[in-house]
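The values are calculated or read from the model by the stated rules, or taken from the named source; none is laboratory data. Computed from a predicted structure; not experimentally measured. Don't worry about glycine lacking a Cβ; one is built from the backbone with ideal geometry, like all the others, and counts go over all protein chains shown.
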Amino acid sequence: MAGVCDYAIKKDILVNCDDPIIPGMEQEGVIMNRKDIDFSTVAFNTTRKNVIETLALKSGKKAYKVVVSGSTPFTGTNTALATGTYRNTFTNTVNMVILANDPDVCADIIDGLANGEYVVILENKAKNLLKEENPGDSAFQIYGYYQGLKAVEISNDKYSEETEGGWSVSLQETKVPKSALFYFKTDYETTKTAIDTLTSAAA
């Protein structure tokens, strides 16, 4: 509804001693073409407006797994405040390393990443599994839903120690209205199953 937005904090700022936050991400995420999302079926939680409960793709479309190995996968992925004239927004950056460089990888992945718009779901190591209500609601975070992640850097350094001759990719989404967007339905396992469905073979 149009009107004056309520920009105010609404909860105590405390430390969770029983289930403290931990840094980092899991090695496996999901990437999809933003144009393949069926936005007409997307459902947000009725009270928590930064939680998506239903996310489906158009008929015949699928998402793809993205696996970054190592002890610090997706290094450099972050969200930063972007100061605006009338309203502040956020910038999401998702970094990944592709440890391959062959004709198929270049044609089917790199060339697409260079010009497309994408949505990525990554799994945080901090999952809030001990919460009495909505356990696991912070596990899966969505990037690119609002504006689409677009390439800001793609490079192939033959002597890079980090990529071992593969590709380094940085995707960015600007002017994002919310600090974070999560994918969560009922519990961790139910949400994980829904994400796995996105990467299954297209009908």
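For residues in the stretch 81-109 being in a strand (DSSP E or B) and hydroxyl-bearing (S, T, Y), which is surrounded by the most Cβ atoms within 10 Å (Cβ to Cβ)? Spell out the reasoning first.
Taking the stretch 81-109 as the starting set, the residues that turn out to be in a strand (DSSP E or B) are 81-82, 89-98.
From the residues that got through so far, the ones that are hydroxyl-bearing (S, T, Y) too are 89, 91, 93.
Values: T89: 16, T91: 15, T93: 19.
Once the filter is applied, the top-ranked residue is T93.
For every residue, the table says whether it meets (1) closer than 13 Å to L198 by Cβ; (2) over 17 Å from the mean Cα position of the chain (by Cα).
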| residue | (1), (2) |
| --- | --- |
| N16 | no, yes |
| I37 | yes, no |
| T41 | yes, yes |
| T47 | no, yes |
| K58 | yes, yes |
| K61 | yes, yes |
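Which condition breaks for V66 when tested against (1) hydrophobic (A, V, I, L, M, F, W, C); (2) modelled with pLDDT under 95; (3) surrounded by 15 or more Cβ atoms within 10 Å (Cβ to Cβ)?
The single condition V66 does not satisfy is (2).
Which one of the conditions (1) over 11 Å from the mean Cα position of the chain (by Cα); (2) closer than 21 Å to K178 by Cα does L129 fail to meet, given that it meets all the rest?
Result: L129 passes all but (2).
Specify the residue that is surrounded by the fewest Cβ atoms within 10 Å (Cβ to Cβ); the eligible residues are those in the stretch 154-184 that are more than 30 Å from V42 (Cβ to Cβ) and among the aromatic types (F, W, Y).
Just the residues of the stretch 154-184 that are more than 30 Å from V42 (Cβ to Cβ), to begin with: 155-168.
After this cut, where a residue has to be among the aromatic types (F, W, Y) as well, the list is 159, 167.
Values: Y159: 7, W167: 21.
Here the answer is Y159.
Which members of the stretch 50-61 meet the condition of being surrounded by fewer than 16 Cβ atoms within 10 Å (Cβ to Cβ) and either touching a helix residue (DSSP H, G or I) at 6+ places or on another chain (Cβ under 8 Å) or of a type in the set (S, T, N, Q) (or both)? Walk me through it before giving the result.
First, pick out the residues of the stretch 50-61 that are surrounded by fewer than 16 Cβ atoms within 10 Å (Cβ to Cβ): 50, 54, 58-60.
The answer is N50, T54, K58, S59.
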